[in-house]
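Readers should treat all values here as calculations from the given coordinates under stated rules, not as data from a laboratory. Quick caveat: nothing in here was measured; it's all calculated off a predicted structure. Neighbour counts are summed over all protein chains in view; Cβ atoms, including those assigned to glycine, are modelled from backbone coordinates with ideal geometry.
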Amino acid sequence: EDKVVQSPLSLVVHEGDTVTLNCSYEVTNFRSLLWYKQEKKAPTFLFMLTSSGIEKKSGRLSSILDKKELFSILNITATQTGDSAIYLCAGEWGGGADGLTFGKGTHLIIQP
Amino acid sequence: NAGVTQTPKFRILKIGQSMTLQCTQDMNHNYMYWYRQDPGMGLKLIYYSVGAGITDKGEVPNGYNVSRSTTEDFPLRLELAAPSQTSVYFCASRSGANVLTFGAGSRLTVL
């Protein structure tokens, strides 16, 4: 059974800290791995990763994929209170039509 | 540009009642999905559709039904609601690329 495991499940840090969120996966026919940020409502897209070793970056957020070791990390530097959210990792594999398989998420809280 | 629109946003049902969650997208996406999200459990796929007239079960389809008569609409039907169906439901869609666009969610409580 394909699955996605995120760690930690929750994390509390202070503003200005750097955090690393982890996502490991066990899949067949891997296609892509995605990161989403979920605040009070719907998840919003952050990154899509398909190739190993290529960092995707957007402002203070960055992510990288290791297809050999089957994991991805999401880094957030100089955290701000607005980064508080649930961060979801999701994998797409097989034919791709049946959507994404999500991990349980990491609940990140940034304290002022 | 509305994107994915879900209604209602909130609903309370009694055990055994039925209801339909509506989902409409205006992006001409072929693929549409229904997920449920329980606290601390991520999102679980209920049903999906790859185009009008075609639907298929996801990971947790029991107690639900869907239809896809048009490209735009993908309603989710709950028959004989049970407390285990208390959850937040998200509809999503995508085109050929695999980035999902989500609706704002529908919070359902079954008492």
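Within segment B:68-111, which strands (runs of 3 or more DSSP E) (wholly inside it) include 2 or more residues that are facing chain A (nearest Cβ under 10 Å), under 20 Å from A:Lys37 (Cβ atoms) and out of contact with any Leu (no Cβ under 6 Å at 6 or more places or on another chain)?
Counting at least 2 such residues, we get B:87-94.
In segment A:86-112, the residue that is farthest from B:Gln37 (Cα to Cα) out of those that are in contact with an Asp or Glu (Cβ under 6 Å, 6 or more places away or on another chain) and away from chain B (no Cβ under 14 Å) is A:Pro112. The residues listed here are B:Phe74, B:Phe10; of these, the one that is in contact with a Lys or Arg (Cβ under 9 Å, 6 or more places away or on another chain), crowded, with 16+ Cβ neighbours inside 10 Å and in contact (Cβ under 8 Å) with a residue 12 or more places away in the chain is B:Phe74. When segment A:61-84 is filtered for residues that are within 18 Å of A:Leu11 (Cα to Cα) and of a type in the set (D, E, K, R), only A:Asp83 remains. Going through (1) within 12 Å of chain A (Cβ to nearest Cβ); (2) closer than 20 Å to B:Ala81 by Cβ; (3) free of Cβ contacts under 8 Å to residues at least 40 places away in the same chain one by one, B:Asn62 falls short only on (1).
Residues that are on the phi < 0 side of the Ramachandran plot and away from chain A (no Cβ under 13 Å) do occur in segment B:38-53.
Taking the listed residues A:Thr28, A:Thr79, the one that is surrounded by 14 or more Cβ atoms within 10 Å (Cβ to Cβ), among the hydroxyl-bearing types (Ser, Thr, Tyr) and either over 13 Å from the mean Cα position of the chain (by Cα) or away from chain B (no Cβ under 14 Å) (or both) is A:Thr79, with no other qualifying. Of all residues in segment B:77-111 being surrounded by fewer than 17 Cβ atoms within 10 Å (Cβ to Cβ) and basic (Lys, Arg), which is farthest from B:Thr7 (Cα to Cα)? Out of the qualifying residues, it is B:Arg77.
Yes/no matrix, rows are residues, columns are (1) part of a loop (DSSP other than H, G, I, E, B); (2) closer than 23 Å to A:Gly105 by Cβ:
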| residue | (1), (2) |
| --- | --- |
| B:Met27 | yes, no |
| B:Met32 | no, yes |
| B:Arg36 | no, yes |
| B:Pro39 | yes, yes |
| B:Glu59 | yes, yes |
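Which numbered condition in (1) hydroxyl-bearing (Ser, Thr, Tyr); (2) surrounded by 14 or more Cβ atoms within 10 Å (Cβ to Cβ); (3) over 24 Å from A:Gly91 (Cβ atoms); (4) without any contact (Cβ under 8 Å) to a residue 24 or more places away in the chain is the only one that B:Tyr48 fails? Of (1) hydroxyl-bearing (Ser, Thr, Tyr); (2) surrounded by 14 or more Cβ atoms within 10 Å (Cβ to Cβ); (3) over 24 Å from A:Gly91 (Cβ atoms); (4) without any contact (Cβ under 8 Å) to a residue 24 or more places away in the chain, only one is false for B:Tyr48: (3).
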